[in-house]
1. Taking only C-alpha pairs under 8 Å that are 6+ residues apart, what is the relative contact order of the range 10-78 in percent?
2. Carbon and sulfur together cover what percent of the accessible area of the range 163-208 at a 1.4 Å probe radius?
3. Give me the net charge of Ser203's neighbourhood, meaning all other residues with Cβ under 11 Å from the Cβ of Ser203; Lys, Arg count +1, Asp, Glu -1.
4. Taking 0.36 nm per residue of separation and subtracting the Cα-Cα distance, what length does fully extending Val198 through Ala105 add?
5. Once you list every other residue whose beta carbon is under 14 Å from the beta carbon of Leu110, what net charge do they have if Lys and Arg are +1 and Asp and Glu are -1?
6. Considering the options Val4, Leu70, Val177, tell which one lies farthest towards the positive end of the dipole of the chain, charges being +1 on Lys and Arg and -1 on Asp and Glu at the Cβ, about the Cα centre.
7. Taking all protein chains as present, what is the carbon and sulfur share of the accessible area of the range 1-150, in % to the nearest whole number, probe 1.4 Å?
8. To the nearest 10 degrees, how steeply does helix 104-113 sit against the main Cα axis of the chain, on a 0 to 90 scale?
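The values are calculated or read from the model by the stated rules, or taken from the named source; none is laboratory data. Because the structure is a prediction, the values reported are computed rather than measured. So basically every Cβ, Gly included, is an ideal-geometry build from the backbone, and we count neighbours across all protein chains shown. Keep in mind that these areas ignore ligands, DNA and RNA; they rest on the heavy atoms of the full protein, side chains included. Shrake-Rupley method; radii C 1.70, N 1.55, O 1.52, S 1.80 Å.
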Amino acid sequence: MRIVVTRPHRSGEKTAAKLEALGHQPVLLPLFHPVHYGEHAIPALSDPLSAIAVTSAEALRSLETMRDRLVPHLSKPLFAVGEATAEAAEKIGFSNIFTASGDAAALAALVAEHRSLLKNGLPLLYLAGTPRGSVFEDGLAAAGIPFRAVDCYEMQPSDLSEDMLETVLLKRAADVVLLYSSEAAKAFFRHASAEKYVAALASTQFVCISRNVLSLVPEIFRENAGAAESANEAAMFELLHRNSGT
């Protein structure tokens, strides 16, 4: 199947390799690209902290050039939103990693479950990015967990030309579009709202990482859209498998 991958380029290439191994034809359409501000985390990493939380591997990538700043914290608890983020944390040198099931609410619950690890009332450091939802921070606040959030990266819209969009969506029909975030869904359907794309996508399947993302699929496409059972790529691939028989 011809599958449009809407992730940023670096993550999208990894997804494309997995899809190729399954016999599909992936097409990259990176709707956003990351801009790193890892230096913003330096003051926070210099202050006392009890643990670190990360909702995207991109936050850890933003710190790749300043690993020396992380050395004092590598043995502290690190709470990762999902497997990919946990793998990035392990790669950078963290050894005490707790992994949630893939969404912000589950991550907040995981931190609350292990609150005994947050020593001496020191705050948890949330290595965050923009734009983002408030679910994780709201969950921490509701649980009474002290934290500090620092934006380490920003996901900026990619400059997609009309020629690129037509090549990806019109010249050959897309069998499936993978949507990994609310922002990606909003951006994709802003581009796809033109009549020529609506017609081309009439029979395309939309595989969404969560029900929240699914809710952003316009009604005209909703019949062919579905949400993964859990908020991770493995579950998206399971849904893809069930829908396609591959």
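1. Dividing the mean separation by the residue count of the range 10-78 yields 30 percent.
2. Solvent-exposed carbon and sulfur of the range 163-208 make up 51 percent of the total.
3. -2
4. 30.1 nm
5. -2
6. Value computed over the given set: Leu70.
7. Numbers: 3610 of 6740 Å².
Carbon-and-sulfur percentage of accessible area, whole number: 54.
8. Approximately 30 degrees, to the nearest 10.
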